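Inspection log for the structure reproduced underneath, given as structure tokens.
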Amino acid sequence: MREDLTALFADGAVVAAREHPHLARALNSCAFRGEVIRVLPGVYALPGQLTLTARLQAACAYGAGIVITRQAAAHFTWWPELPLPDLIDAASPRHVIVGHGFRFEQRYVRPDLTMRRFGIALTAPELTVLDLIDDMGPIAIDEALKRRAVTLQRLRRALHLTRGRRGNTLRRELVEDSRDEPWSELEREAHRRLRSAGIDGWRTNYHVRAEGKSYRIDIALPDIKLGLELDGATFHDTDAAFHTDRRRDRALARGGWQIIRFTAQSLDEIEGTVLSIRQQRSGGGRPREQGRPTLRRSARWA
């Protein structure tokens, strides 16, 4: 490689030909010989140095309206535990010849649905969630709501601003199915069952103070002080978690709350349990009968 090119790469991870037009042909020749890697058109890195940082620098150097999307956007903004994919998804309003370490889609992303990190644009959390629905289904919504990364209002706004986009019918159904803000698929199914049974007056992720501490109840019926806890295996499968939950239940019981726990295997009892306890405590009649709402779900995440 020419000495002047070696000096260029000593200053940074990537080099953009447009910043050094007199070396553009030399960079292209080096890429042809395998001495450098063409990360994106006109943006180069040395072999063995195509790190994550280098790829982000390459996207920043290329410009042209590139927006980082999907898993990478979630990882860098509101879901750091989400693993980064081998290929970083990105969108551009014009066709981009695929480079090393990227997967492009030709798509215009509105500036008001983006945010900036590391000097480059990423989809805003609400649009990232809508994008992730394609691969993850409602889990993406649940996780974003739990982390307070989005609100239902922002999700609905993003849907409105991207109206006409393929797949929005299912995205809209899932957003509306999340109107009671479930934080897991088990909570989502419990909400569906309560709505279908015509049971009202319940609140989700309800905060209660007992014995000087604040506790969150998955589903609460404050009028009769009934709390419903949804126990997913991944969150309650340790001995410590088991005993912590029981101490919490006893503290709430001393405050007058009755706590009943449901798992995926016992969830079919939730409607009858609530109806029975409400009748015993309030003397109310049976709620109106309603048909269970239907929701089309992809086999990938059903």
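The values are calculated or read from the model by the stated rules, or taken from the named source; none is laboratory data. For clarity, every value in this text was computed on a predicted model and none was experimentally measured. Because the Cβ atoms are built from the backbone with ideal geometry, glycine has one as well, and the counts that use them run over all protein chains shown.
A few comments on the model shown:
- Failed item, numbered, when Pro85 is tested on (1) surrounded by 15 or more Cβ atoms within 10 Å (Cβ to Cβ); (2) without any contact (Cβ under 8 Å) to a residue 40 or more places away in the chain: (1)
- Consider the range 171-191 and keep the residues that are in contact (Cβ under 8 Å) with a residue 60 or more places away in the chain and over 16 Å from the mean Cα position of the chain (by Cα). The one that is farthest from Ala140 (Cα to Cα) is Ala190.
- Annotation: Lys225 fulfils all but one of (1) among the charged types (D, E, K, R); (2) within 26 Å of Glu185 (Cβ to Cβ); (3) out of contact with any Asp or Glu (no Cβ under 7 Å at 6 or more places or on another chain); (4) surrounded by 14 or more Cβ atoms within 10 Å (Cβ to Cβ); the unmet one is (2).
- Residue in the range 59-69 that is within 31 Å of the chain's Cα centre (by Cα), without any contact (Cβ under 8 Å) to a residue 24 or more places away in the chain and closer than 20 Å to Asp135 by Cα present: no
- If the condition is being in contact with a Ser or Thr (Cβ under 9 Å, 6 or more places away or on another chain) and within 25 Å of Ala72 (Cβ to Cβ), then the range 15-45 contributes only Ala45.
- Reported count of residues in the range 88-107, each being surrounded by fewer than 18 Cβ atoms within 10 Å (Cβ to Cβ) and not in a loop (DSSP other than H, G, I, E, B), is 3.
- Gly232 vs. criteria closer than 22 Å to Gly272 by Cα, in contact with a helix residue (DSSP H, G or I) (Cβ under 9 Å, 6 or more places away or on another chain) and surrounded by fewer than 17 Cβ atoms within 10 Å (Cβ to Cβ): yes
- Within the range 39-82, considering residues that are aromatic (Phe, Trp, Tyr) and in a helix (DSSP H, G or I), the one surrounded by the most Cβ atoms within 10 Å (Cβ to Cβ): Tyr62
- Of all residues in the range 248-272, those that are assigned to a loop (DSSP other than H, G, I, E, B) have Cβ atoms under 6 Å from Cβ atoms of residues that are among the small types (Gly, Ala, Ser) and modelled with pLDDT under 95, 6 or more apart or on another chain, in Gly255/Ala210.
- Criterion violated by His100 - all others in (1) in the same structural domain as Leu161 (by TED's automatic domain parsing); (2) in contact with a Gly (Cβ under 8 Å, 6 or more places away or on another chain); (3) not aliphatic (A, V, I, L, M) satisfied: (2)
- Qualifying helices (runs of 4 or more DSSP H) (wholly inside the range 134-222; at least 3 residues being surrounded by 19 or more Cβ atoms within 10 Å (Cβ to Cβ)): 139-146, 168-177, 185-196
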